[in-house]
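Here the structure comes first, spelled out in structure tokens, and everything after it is commentary.
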Amino acid sequence: MIKAAPLVAVALLCAPAARAEDPPDVAPASNDGVRWFNAEEVPTFKIEEDGTVDWNTFSGFRRYHAECHVCHGPDGEGSTYAPALKDSAMRMDYYDFVGVVAAGRQKVGAAENQVMPAFGINPNVMCYLDDIYTYLRARGSDAIPRGRPAKKEAKTEAYSAAEAACMEG
């Protein structure tokens, strides 16, 4: 009995860590006419069996490469200057991700020097932030390879209306 106690303790200590490393839910569960959501109603991607990506993920690829890749590297892979966002999008809670992009982040000290500017007033980022997030999650889960997606869904009228409302806003 005494020999079993350390094994139980090790199992209990390791169990939460194993759950924390479970991959995030990226499975599409619903669509509001503009974008896909997982079961927790967090934006996600949908990729058809033939490799066709949903419009939002394709838009995210375009917007990421217009606004983010200069610091974070092509395809979310990171750089010597900034971390790999494809990994950050898999580890971070969606709302934390949105908060960092909107408000920025600064970690400056003897061991690190990271400064993420705030994009909260930039409509070219904020109007497409869900798209960027879904693209990065698709990359982080290896659902799509590096480079421009070869096939994409058509842009819907509902997406165009939501985009116009945000950009005017």
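Some observations on this one:
- Accessible area of the range 44-169 belonging to carbon and sulfur atoms, whole % at 1.4 Å probe: 52
- Range in the chain, longest, excluding exposed trypsin sites (Lys or Arg not before Pro) [loop by DSSP; at most 14 other beta-carbon atoms within 10 Å]: 4-145
- Overall shape of the range 108-169 was characterised from the C-alpha gyration tensor. The equivalent ellipsoid obtained from it has semi-axes of 28, 21, 7 Å, in decreasing order.
- Förster radius 35 Å - calculated FRET efficiency between residue 122 and residue 22 (Cβ-Cβ, nearest 0.05): 0.55
- For the listed residue pairs 86/152; 107/155; 86/151; 107/151, the alpha carbons are over 31 angstrom apart in 107/155; 107/151.
- Converting the Cα gyration tensor eigenvalues of the chain into ellipsoid dimensions via √(5λ) gives semi-axes, longest first, of 32, 22, 15 Å.
- Residue separation of residue 143 and residue 161 scaled by 0.36 nm, minus their Cα-Cα distance, works out to 3.7 nm of gained length.
- Mean Kyte hydropathy of 1.0 or more with a Cα span along the axis of at least 24 Å, helices from DSSP in the chain: 4-20
- Whole-number accessible area per residue in Å² for the chain, which is evaluated in the context of all protein chains at 1.4 Å: 60
The values are calculated or read from the model by the stated rules, or taken from the named source; none is laboratory data. Every value quoted in this text rests on a predicted model; they were computed, and no experiment measured them. Glycine also receives a Cβ, built like all others from the backbone with ideal geometry; neighbour counts cover every protein chain displayed. Accessible surface areas use protein heavy atoms only, side chains included; no ligands, DNA or RNA. Shrake-Rupley method; radii C 1.70, N 1.55, O 1.52, S 1.80 Å.
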